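What follows is a single structure, written as structure tokens, with notes after it.
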Amino acid sequence: MGLSGSDNSCDPTPSPGPLAMALFGALFLALLAGAHAEFPGCKIRVTSKALELVKQEGLRFLEQELETITIPDLRGKEGHFYYNISEVKVTELQLTSSELDFQPQQELMLQITNASLGLRFRRQLLYWFFYDGGYINASAEGVSIRTGLELSRDPAGRMKVSNVSCQASVSRMHAAFGGTFKKVYDFLSTFITSGMRFLLNQQICPVLYHAGTVLLNSLLDTVPVRSSVDELVGIDYSLMKDPVASTSNLDMDFRGAFFPLTERNWSLPNRAVEPQLQEEERMVYVAFSEFFFDSAMESYFRAGALQLSLVGDKVPHDLDMLLRATYFGSIVLLSPAVIDSPLKLELRVLAPPRCTIKPSGTTISVTASVTIALVPPDQPEVQLSSMTMDARLSAKMALRGKALRTQLDLRRFRIYSNHSALESLALIPLQAPLKTMLQIGVMPMLNERTWRGVQIPLPEGIDFVREVVMNHAGFLTIGADLHFAKGLREVIEKNRPADVRASTAPPPSTAAV
């Protein structure tokens, strides 16, 4: 007997099933996404230590907002009595107990219990042909408010209040009626106060919803996202994801990258370590990775700012004499018209400086070319020498107000020739004078700029105080407390948008009336 075909069942290698292929594909995509994930250059953590200060300022703002409550007129008839309650205004808010906490998913939760509202309204009563009117003080007691702010990242990378949840209730009201019809008012007080309590319950949550989604968002609009630092570079503080809340803090990841204003779409790849925030003793912590500072220096380098040219009288006199003596052999071979020409000293950074952050401190490494030439009038300049300079600067960071400031100090300095070791030896006498010139003439100009600082992404009116700087491997953290230099009301009034209620209706109160 012969075989009509081969038997594939004898193949010892099974083909992968669909499930295995799907798992492999998912794993590959996850690894690919992780390889392209970008770490934040700046992180901010607000701890629970800040909540008491924020609550005090927030309650003052809330009290002012609740005073804007408008309650519709209350009209009614009971037998032959006609009554009209109008011009109801909230005059004060008294808080007995309040708590502000971080909550996962909701971010910020404010709970007020057993508060009271003072009110004043106008009464009008008509009984047959008898009329009575006047103003009455009343109080709403047992006021409970529970409101939560949900924070998220909008498409532009700005933090926003995306939703406000609210529950509010008023347990009882009291009004001291008087006048000609006091006994009649006492009879009607149940109807009147119940109606007012119902209307008040319906007004608290819309006011809070508007305060969160409109007014507080106008405050968050003062946080810089992509803004100019000076005439050369800008900074990108866009949020990389939604803020993350735990029971003890609120964490925000910002891109923290500088860019040249002439190349707004340019981006430096972030290969630095991710900054970590572990501390919770201060109100707020800010972390900066090496990438934050590297992107700043590369942006200035690309903008052409890292160069300096000193000509004639700008060159210190002692250094001018030393340079002419050093290169006397080259100068005397030139024509008499060139020998007495002004001297030019040019420093040009050759590559973007790099920042290194270690627990022992922060250093910046710079490599630059140093060119010495004579500049005769109306003639091409005559180069005397070109050398390379390696310098290492120490950097000390500080927070003042809401600006990150840097103080630079020249620590190490070395010059050498690109042409020969013999010429490098001849440059040794220039080492000390050039270093002195850098310390006296160049470093003050650098520090004048770096000490102006760059703004940290905080809302207007809030500053840092009592800061402490801590260096780590690859990043530094600054712990500080917060200070309200301006009240919330002042900042919001300054930046208040057109006072239009949100187009979507706020969530109604779920309280029982």
Fill in the blank from the handout: Quick tally, 1.4 Å probe accessible area for ILE440, ILE145, sorted with the most first, runs ILE440, ILE145
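May I ask you to give the percent of accessible area on region 228-352 that is carbon plus sulfur, with a probe radius of 1.4 Å? Let's see the in-between values first.
Numbers: 3230 of 5960 Å².
Reported share for carbon and sulfur atoms: 54 percent.
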Fill in the blank from the handout: Nearest-0.05 FRET efficiency for GLU38 and VAL442 at R0 = 30 Å, using Cβ-Cβ distance, is 0.30
Completion exercise
Regression test value, accessible area per residue of region 289-358, probe 1.4 Å, units Å², expected 50
Completion exercise
For region 54-71, in residue order, the Karplus 3J(HN,Hα) values (coefficients 6.51, -1.76, 1.60; θ = phi - 60°; whole Hz; Gly and Pro = x) are 5, 5, 4, 5, x, 5, 4, 5, 5, 4, 5, 6, 5, 5, 8, 4, 10, 10
Fill in the blank from the handout: Each label sits 7 Å from Cα toward the beta-carbon; between TRP266 and TYR127 the label points are separated, in nm, by 8.5
Handout entry: Sulfur and carbon atoms: percent of accessible area, region 382-498 [1.4 Å]
Key = 57
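When the chain is fully extended, how far beyond the present Cα-Cα distance does GLN64 get from SER227, taking 0.36 nm per residue of separation?
On the way: separation 163, 0.36 × 163 = 58.68 nm, distance 3.23 nm.
Residue separation times 0.36 nm, minus the Cα-Cα distance, leaves 55.5 nm.
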Practice task
Among the lysines, select those whose C-alpha is under 21 Å from the C-alpha of LYS314, and discard any that sit fewer than 8 residues away in the same chain.
Solution key: LYS344, LYS435
Completion exercise
With label points set 7 Å from each Cα along the Cα-to-Cβ direction at THR371 and GLN111, the distance between them in nm comes to 7.1
Handout entry: Under 16 Å from the Cα of LYS55 - aspartates and glutamates, other chains or at least 8 residues apart
Key = GLU63, GLU65, GLU99, ASP101, GLU107, ASP481
Exercise for the section: Take each of the peptides 213-225, 39-51, average the number of other beta-carbon atoms within 10 Å over its residues, and list them starting from the highest. Expected result: 39-51, 213-225
Handout entry: Hz values of 3J(HN,Hα) by residue in region 242-249 - Karplus curve (6.51, -1.76, 1.60), Gly and Pro given as x
Key = 4, x, 10, 10, 10, 6, 10, 7
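Based on Cα coordinates alone, diagonalise the gyration tensor for region 104-148, multiply each eigenvalue by 5, take square roots, and list the semi-axes in whole Å, largest first. Before the final figure, lay out the partial values.
Working: eigenvalues 321, 20, 11 Å².
Over the Cα atoms of region 104-148, the semi-axes work out to 40, 10, 7 Å.
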Problem - Accessible-area ranking of HIS210, HIS174, largest first, probe 1.4 Å - result: HIS174, HIS210
Exercise for the section: Would you mind computing, in nm to one decimal, how far apart the modelled labels at ARG348 and ARG411 are, each placed 7 Å from Cα along Cα→Cβ? Expected result: 2.9
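May I ask you to give the solvent-accessible area per residue for region 43-179, in square angstrom, as obtained with a 1.4 angstrom probe?
Numbers: 6740 Å² over 137 residues.
Spelled out: the 1.4 Å probe surface of region 43-179, per residue, equals 49 Å².
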Practice task
Check cross-link reach from LYS241 to the lysines: straight Cα distance under 21 Å, and skip same-chain residues fewer than eight apart.
Solution key: LYS43, LYS160
Exercise for the section: Grab the Cα-Cα distance for HIS317 and ALA337, subtract it from 0.36 nm times how many residues apart they are, and report the gain in nm with one decimal. Expected result: 5.1 nm
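Within a Cβ distance under 15 Å of ARG146, other residues only, what is the Lys/Arg minus Asp/Glu net charge? Could the numbers behind the result be given before it?
Values: positive: LYS55; negative: GLU99, ASP101, GLU107, GLU150.
Computed value for this residue: -3.
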Fill in the blank from the handout: By the C-alpha gyration tensor axes a ≥ b ≥ c (rounded if a/c is under 1.5, else prolate when a/b exceeds b/c, else oblate), the shape of region 344-437 is prolate
Handout entry: Around ASP320: net Lys/Arg minus Asp/Glu count, Cβ-Cβ under 13 Å
Key = 0
Exercise for the section: Give the accessible surface of region 198-251 per residue, rounded to a whole number of Å², with probe radius 1.4 Å and ligands, DNA and RNA excluded. Expected result: 34
Exercise for the section: Would you tally the net charge around SER246, using a Cβ to Cβ cut-off of less than 12 Å, leaving SER246 out, and scoring K and R as +1, D and E as -1? Expected result: -3
Completion exercise
Computed ³J(HN,Hα) along region 453-461: with the Karplus parameters 6.51/-1.76/1.60, θ = phi - 60°, integer Hz and x for glycine or proline, the list is x, 10, 5, 8, x, 10, x, 4, x
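Averaged over all directions, how much area does the convex hull of the C-alpha atoms of region 336-389 cover when projected, in nm²?
Values: hull surface 19.7 nm².
Over every viewing direction, the Cα hull of region 336-389 projects on average to 4.9 nm².
The values are calculated or read from the model by the stated rules, or taken from the named source; none is laboratory data. Only a predicted model underlies this, so the values are computations on that prediction, with no experimental measurement involved. Quick reminder, even Gly has a Cβ in these numbers, built from the backbone with ideal geometry, and neighbours come from all protein chains shown. Quick note on the areas: whole protein, heavy atoms, side chains included, nothing else; ligands and nucleic acids left out. Shrake-Rupley method; radii C 1.70, N 1.55, O 1.52, S 1.80 Å.
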